[in-house]
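Engineer: Have a look at the structure that comes next, please.
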Amino acid sequence: MQLIIKTLLFLSLTLTSYFLWDLIDFSFRLKKLRARLNLNKEIDNKQKLFLAIPFVLVLMFLQPFLGIGLALFMVLLYYFDKEFIKANYTKAIEDELPYFLSLMSVTIRAGLSTNTALYEIVKRMKPSPLKKELGKVVQEMRLGLGRREALENWSKRIGNQQVSFLVQSWVQSEELGTEPSEVLLFLSNQLFDRKVRQVEGDAMQAGVKITVPLAFLIFPAVMIIIFGPIIIGGI
């Protein structure tokens, strides 16, 4: 009986190793094929998760607990990776907003209308998350939607506090008849000040964040280096 169990365990480990090697070999061959066909677009996480499903099913058949654990790990990894990408996307928009507003203010002061200034700036921007979102705003405006509705759709689509503040202030200034260049310059200065305060806050928290690795990683290593030879010499 023990011999049969050992044989089954050996076969399951062998098959698992073979599938792992086959998966790595398939990934390597796929990269070579994509390079040969000049396909530079990366596979997104949904496609990677879909391609890994057969391997997970086979692993669940051979090692149920290991397969279930791997499946849960992949789901959690996909969720956190999605949230991480969304956070980076939003942060990139926040970092570019003050410069965009300042450029809008200067362009409007030069004599262009608000819509024309928005079109020209978006057309000349480098590829970025902000250009992508503003491109959607410009596209909606060209399809006949008003600037206010297009900006409000952008605010709902992003769901970010800074973008909501910008859109709300922009819309209110148009309702009150305020000069757009002055409002946009004021908003740009406000976002620049907020960015400076955020950097100062992160710098103040750096000392607190470094306490954990200092206490659990560096300090034990120093104690081992200092007292290790003493203990070994005493033994």
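The values are calculated or read from the model by the stated rules, or taken from the named source; none is laboratory data. Worth saying up front: this structure is predicted, and the values here are computed from it rather than measured. We place every Cβ from the backbone using ideal geometry, glycine too, and count neighbours over all the protein chains shown.
Engineer: Is there a residue being without any contact (Cβ under 8 Å) to a residue 24 or more places away in the chain, over 28 Å from the mean Cα position of the chain (by Cα) and outside any helix (DSSP H, G or I) anywhere in the stretch 153-162? Give the steps one after another, and end with the answer.
Structural biologist: Here is the first cut: in the stretch 153-162, the residues without any contact (Cβ under 8 Å) to a residue 24 or more places away in the chain are 153-156, 159, 161.
Pick out the ones that are also over 28 Å from the mean Cα position of the chain (by Cα) and you get none.
Checked against the condition, which is being without any contact (Cβ under 8 Å) to a residue 24 or more places away in the chain, over 28 Å from the mean Cα position of the chain (by Cα) and outside any helix (DSSP H, G or I), the stretch 153-162 yields no hits at all.
Engineer: A further question on this structure: What is the one condition in (1) under 20 Å from Lys132 (Cα atoms); (2) exposed (fewer than 11 other Cβ atoms within 10 Å of the Cβ) that Arg197 does not satisfy?
Structural biologist: Going through (1) under 20 Å from Lys132 (Cα atoms); (2) exposed (fewer than 11 other Cβ atoms within 10 Å of the Cβ) one by one, Arg197 breaks only (1).
Every residue, every condition in (1) assigned to a loop (DSSP other than H, G, I, E, B); (2) at pLDDT below 85; (3) surrounded by fewer than 14 Cβ atoms within 10 Å (Cβ to Cβ), yes or no:
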position	(1), (2), (3)
Leu101	no, no, no
Thr107	no, no, no
Ile121	no, no, no
Pro127	yes, no, yes
Leu130	no, no, no
Phe165	no, yes, no
Ser173	no, yes, no
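Engineer: Can you say whether Leu112 is in a helix (DSSP H, G or I) and either in contact (Cβ under 8 Å) with a residue 24 or more places away in the chain or not aromatic (Phe, Trp, Tyr) (or both), as far as the supplied structure shows?
Structural biologist: On the way: in a helix (DSSP H, G or I): no; either in contact (Cβ under 8 Å) with a residue 24 or more places away in the chain or not aromatic (Phe, Trp, Tyr) (or both): yes.
Criteria not met by Leu112.
Here's the yes/no breakdown for (1) within 32 Å of the chain's Cα centre (by Cα); (2) under 19 Å from Asn115 (Cβ atoms):
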site	(1), (2)
Val167	yes, yes
Asp193	yes, no
Gln198	yes, no
Pro220	no, no
Ile224	no, no
